[in-house]
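Below is one structure, written out as structure tokens; the observations come after it.
The values are calculated or read from the model by the stated rules, or taken from the named source; none is laboratory data. Treat the numbers as computed from the prediction; the structure is a model and nothing was measured. Positions of Cβ are backbone-derived with ideal geometry, glycine not excepted, and every protein chain shown enters the neighbour counts.
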Amino acid sequence: MSFKRIFNHFFILMALTTNISFLIYPHPIEIVITVFANLTATILKVGESRVLSTELLATSLVADLHLIPAIFVFFLGNVDEAISLAYGALAANIVSVVLFVIETIIDTFTEE
Amino acid sequence: MEALAELQIPLLLLNFALFVGTLGYMYLSGGDFINSLYMTVITIGTIGYGEVVAGSDTPTGRIFTTFLALWGIGIFTTSATVIVRVFFKKDVVAIYRRIMMLNSIKDLKDHYIVTGYDEVTRWLVKYLERKDIKTVVVLGDPSLEEELREHGIDYYIFGVPYRDEYLYAAGIKRASGLVVNSRDDAEAIAIVSSARLIRPDDQFHIYALVSNEELVEKLYQMGASRVVDREQVLASRMVAHILHPESSRITHLFDKIVFAEESDVDIVELYVDENSPYANRTLMELDIGRKYGVNIIGIRRADGELEVNVRGNTRIHSGDVLIIFGKERDIREFREKEVEK
């Protein structure tokens with residue numbers, strides 16, 4: 001069991017789940033946690049040399065580039081715009097999780 | 001991309017410090033995100049314009065700022081140092097060069113991969129280059145980069161040659177062959193078996209250069225197309241010079257042709273199978289000498305006998321191997337029109 005993998009997988013899922021929770025209940029603390037989880041997931045993908053690393057990093061960057069404007073827009077008072085940006089990030093996060101599942105399957109078969 | 005892995009921990013810590021600071025000031029100020037983020041940045045960035053967010057000038061706020069500054073400043077300065085080091089150290093040029101080289105390797109086709117680096121590798125690359133065959137050298141020691149460049153080796157990858165990812169990076173899927181030049185027996189076995197697993201087809205040739213006679217048979221079993229014992233080859237070539245001192249010019253000419261030192265002429269073998277149009281015909285009937293300007297100088301018969309006295313009425317049978325000599329250009333034309341048609 002690799003703690004690094006647990007840490008990586010935790011934040012990839014956390015990026016998606018916090019994104020969903022913000023969309024269901026757009027609370028200020030929720031969006032801060034969402035941005036933190038997404039940035040952490042992105043940083044954890046930097047410098048990785050796995051099968052789908054570049055694709056995973058690209059999807060994470062897309063999510064970040066939606067959520068960072070969303071947090072400023074949200075606190076400047078335009079909640080609707082923030083939510084629509086967060087939906088964009090949600091799409092990227094779903095793709096990210098799908099890629100991560102594919103990579104895990106590839107890894108499992110490669111190890112076998 | 002692996003070079004950026006060094007940034008992970010500082011960036012994670014910086015992200016965490018910003019998160020904790022912002023969330024803390026948001027709690028103190030009742031949810032003022034923009035000022036909380038600003039206050040965190042000026043605190044951990046040692047700018048310290050003042051207590052710009054509501055609640056930070058209270059005793060609780062000051063205790064929070066004290067602890068945030070104590071570890072936040074350390075994280076910020078450490079992160080800044082690491083980021084500067086990664087992006088501005090002299091390796092950045094080397095990293096850029098390697099990325100560009102890896103992209104060029106992706107465009108290579110029908111090239112040869114050479115694992116291991118020594119004098120033999122250098123000669124190998126040089127001779128293949130004369131025949132316009134590109135080579136990618138896979139070696140383990142990055143400190144040899146300057147030397148590789150000095151010797152005009154354009155494509156190289158630093159890594160463990162028997163690991164699949166480095167063989168893939170060297171373009172094994174598109175390559176014509178692999179030359180294993182390793183002094184380590186276990187490594188040679190691992191490289192040959194890894195490469196053969198990736199490319200089991202006959203179109204991919206694996207040549208191994210070894211110093212251990214016992215290894216020869218093992219490597220053939222692993223899938224090597226040709227295994228050469230370097231000491232034995234050197235000795236046999238030297239014996240050829242010793243035994244033919246009076247024909248040194250001819251020996252020298254054949255050396256040049258066979259070892260590709262002479263770029264203008266070439267010698268090739270052509271196997272005649274039962275469906276070949278050459279089977280059961282005489283050399284006069286084929287008349288390839290007049291048509292293409294190449295000469296059949298010998299025929300190795302199916303039973304292993306070498307026939308060197310070839311004439312117009314010499315008949316070719318299926319299973320024979322024709323030894324053809326001529327100008328490289330003429331041989332190429334002959335192959336294109338007669339063999340690959």
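Could you please find all residues in the stretch B:191-213 being under 16 Å from the mean Cα position of the chain (by Cα) and among the small types (G, A, S)?
B:S194, B:A195, B:A208
Output the number of residues of the stretch A:36-65 satisfying the condition of being more than 8 Å from chain B (Cβ to nearest Cβ) and more than 19 Å from A:V98 (Cα to Cα).
Result for the stretch A:36-65: 1.
If a residue must be of a type outside the set (V, I, T), away from every other protein chain (no Cβ under 13 Å) and under 22 Å from B:L13 (Cβ atoms), how many such residues does the stretch A:11-35 contain?
Residues flagged as of a type outside the set (V, I, T), away from every other protein chain (no Cβ under 13 Å) and under 22 Å from B:L13 (Cβ atoms) within the stretch A:11-35 amount to 1.
When you scan the stretch A:35-46, do you find a residue that is surrounded by fewer than 18 Cβ atoms within 10 Å (Cβ to Cβ) and polar (S, T, N, Q), even just one?
no
Condition first: buried (at least 21 other Cβ atoms within 10 Å of the Cβ) and either facing chain A (nearest Cβ under 10 Å) or within 49 Å of the chain's Cα centre (by Cα) (or both). Now tell me which residues in the stretch B:19-36 satisfy that.
Once the filter is applied, which keeps residues that are buried (at least 21 other Cβ atoms within 10 Å of the Cβ) and either facing chain A (nearest Cβ under 10 Å) or within 49 Å of the chain's Cα centre (by Cα) (or both), the stretch B:19-36 yields B:G21, B:T22, B:M26, B:F33, B:S36.
In the stretch B:199-215, how many residues are touching a residue at least 12 places away in the same chain (Cβ under 8 Å) and surrounded by fewer than 16 Cβ atoms within 10 Å (Cβ to Cβ)?
Here the count works out to 6.
Can you tell me which residue among B:T115, B:T121, B:T135, B:T77 is among the hydroxyl-bearing types (S, T, Y) and not assigned by TED's automatic domain parsing to the domain that holds B:D185?
Exactly one residue qualifies, and that residue is B:T77.
Here is a check on your reading of the model: is B:T77 surrounded by 15 or more Cβ atoms within 10 Å (Cβ to Cβ), in contact with a Ser or Thr (Cβ under 9 Å, 6 or more places away or on another chain), assigned to a helix (DSSP H, G or I) and away from chain A (no Cβ under 14 Å)?
In short, no.
I'm trying to understand the selection: among the residues of the stretch B:299-318, which are closer than 13 Å to B:V272 by Cα and either touching a strand residue (DSSP E or B) at 6+ places or on another chain (Cβ under 8 Å) or without any contact (Cβ under 8 Å) to a residue 24 or more places away in the chain (or both)?
Scanning the stretch B:299-318 gives B:I299, B:R300, B:R301, B:A302, B:R315, B:I316.
Tell me which residues, restricted to the stretch B:116-154, are more than 21 Å from B:G171 (Cα to Cα) and touching a Leu at 6+ places or on another chain (Cβ under 9 Å).
Listed by number, the list holds a single entry, B:V120.
Can you confirm whether the stretch A:25-34 contains a residue that is among the charged types (D, E, K, R), buried (at least 23 other Cβ atoms within 10 Å of the Cβ) and modelled with pLDDT under 95?
Looking for residues that are among the charged types (D, E, K, R), buried (at least 23 other Cβ atoms within 10 Å of the Cβ) and modelled with pLDDT under 95, one finds none in the stretch A:25-34, hence no.
Is the stretch A:59-72 home to any residue that is of a type in the set (S, T, Y), part of a helix (DSSP H, G or I) and touching a residue at least 40 places away in the same chain (Cβ under 8 Å)?
Yes.
With a cut-off of at least 3 residues that are out of contact with any Gly (no Cβ under 7 Å at 6 or more places or on another chain) and modelled with pLDDT of 80 or more, name the helices (runs of 4 or more DSSP H) lying wholly within the stretch B:253-341.
Result: B:288-292, B:328-334.
Can you pull out the residues in the stretch A:66-93 that are within 14 Å of another protein chain (Cβ to nearest Cβ), under 16 Å from A:Y25 (Cα atoms) and in contact with a helix residue (DSSP H, G or I) (Cβ under 9 Å, 6 or more places away or on another chain)?
A:L67, A:A70, A:I71, A:F74, A:F75, A:V79, A:A82
Can you tell which of B:I99, B:I83 is part of a helix (DSSP H, G or I), in contact with a helix residue (DSSP H, G or I) (Cβ under 7 Å, 6 or more places away or on another chain) and on the phi < 0 side of the Ramachandran plot?
Result: B:I83 is the single residue among B:I99, B:I83 that is part of a helix (DSSP H, G or I), in contact with a helix residue (DSSP H, G or I) (Cβ under 7 Å, 6 or more places away or on another chain) and on the phi < 0 side of the Ramachandran plot.
If I filter the stretch B:37-46 down to residues being touching a helix residue (DSSP H, G or I) at 6+ places or on another chain (Cβ under 7 Å) and more than 11 Å from chain A (Cβ to nearest Cβ), which single residue comes out as surrounded by the most Cβ atoms within 10 Å (Cβ to Cβ)?
Looking at residues that are touching a helix residue (DSSP H, G or I) at 6+ places or on another chain (Cβ under 7 Å) and more than 11 Å from chain A (Cβ to nearest Cβ), I get B:M39.
For B:T58, state whether it is loosely packed, with under 15 Cβ neighbours inside 10 Å and either more than 11 Å from chain A (Cβ to nearest Cβ) or in contact (Cβ under 8 Å) with a residue 40 or more places away in the chain (or both).
Judged against the criteria, B:T58 is a match.
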